Amino acid sequence: MSDGTTRQRPTERGTSADRLSAKSPSSREPLSRERIILAALEVIDDEGVDALSMRRLAAALGVQAMSLYNHVDGKADVLDGVTEHITTEMQLSRRPGVGWEDGIRSVAHGFRRASLRHPRACELVLTRQLASPGALPTINCSLSVLLDHGFDEAAAVHALRLLIAFQVGSMLREFHSPAFKGEAESAVQERREHLEKSGFPAVARLAPILAEIDHDAEFSFGVELLISALRRYAPE
């Protein structure tokens, strides 16, 4: 539920350009693909995906734009690199003896943890993971969790896409919702009063619950609901 406010992302260390340009030329690391990718991620974290360009990236690194092409093929390659970096942070692993339910939980919550570290890059990961070779291990891990436990191949693909769709929707809602755990009690109270006076019986009745959002609990609820639904397709 929205009260007309927007959630602002805290800026603790200044912009990416400020942080990178603070290094003196003598102490600056040599230009490399890894350094370019990390700088691009900082730009996206601070300003969003739309703000990233090769010129903007070069300025953040304090180099000429053409020098970037000695290490990357262009913006698309940089975006693939950022996607690969974030998916690597998910640290997904398949543990022997773990059931498919726990495997799905591990994939879902691993993705959410990585997304919360880089909220503005989340949409990038979701839209490019099939296009980026470095992100395919994550897809493979998710599919293998189901295939190794006897799921039908088509069911495994449908389940993967359903899980991705849930993650996309829930994470975007979390990033853009003005109501989040830990906000000022006055904002919660104001939203609750507004709902109680809405004139809609069901909304007014559930106003105390609707006025607050615990994103951790709601994400876990959704994951467990998906797992319950998938049990219908699990081999006996």
Can you tell me how much longer the chain between Lys197 and His149 gets when fully stretched, taken as 0.36 nm per residue apart minus their C-alpha distance, in nm with one decimal? 12.2 nm
Rounded percent of accessible protein surface that carbon and sulfur make up, the range 183-236, 1.4 Å probe: 57 percent
Please provide three numbers in whole Å: the alpha-carbon extents of the range 155-236 along the principal axes, with the largest listed first. 49, 27, 16
Cα-based Rg (one decimal) and Dmax (whole number) for the range 25-66, in Å? 10.1, 31
Taking 0.36 nm per residue of separation between Arg231 and Glu190 and subtracting their Cα-Cα distance, the length gained on full extension comes to 10.6 nm
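The values are calculated or read from the model by the stated rules, or taken from the named source; none is laboratory data. Keep in mind it's a predicted model, so treat the numbers as computed, not measured. The area values use the complete protein model at the heavy-atom level, side chains included, leaving out ligands, DNA and RNA. Shrake-Rupley method; radii C 1.70, N 1.55, O 1.52, S 1.80 Å.
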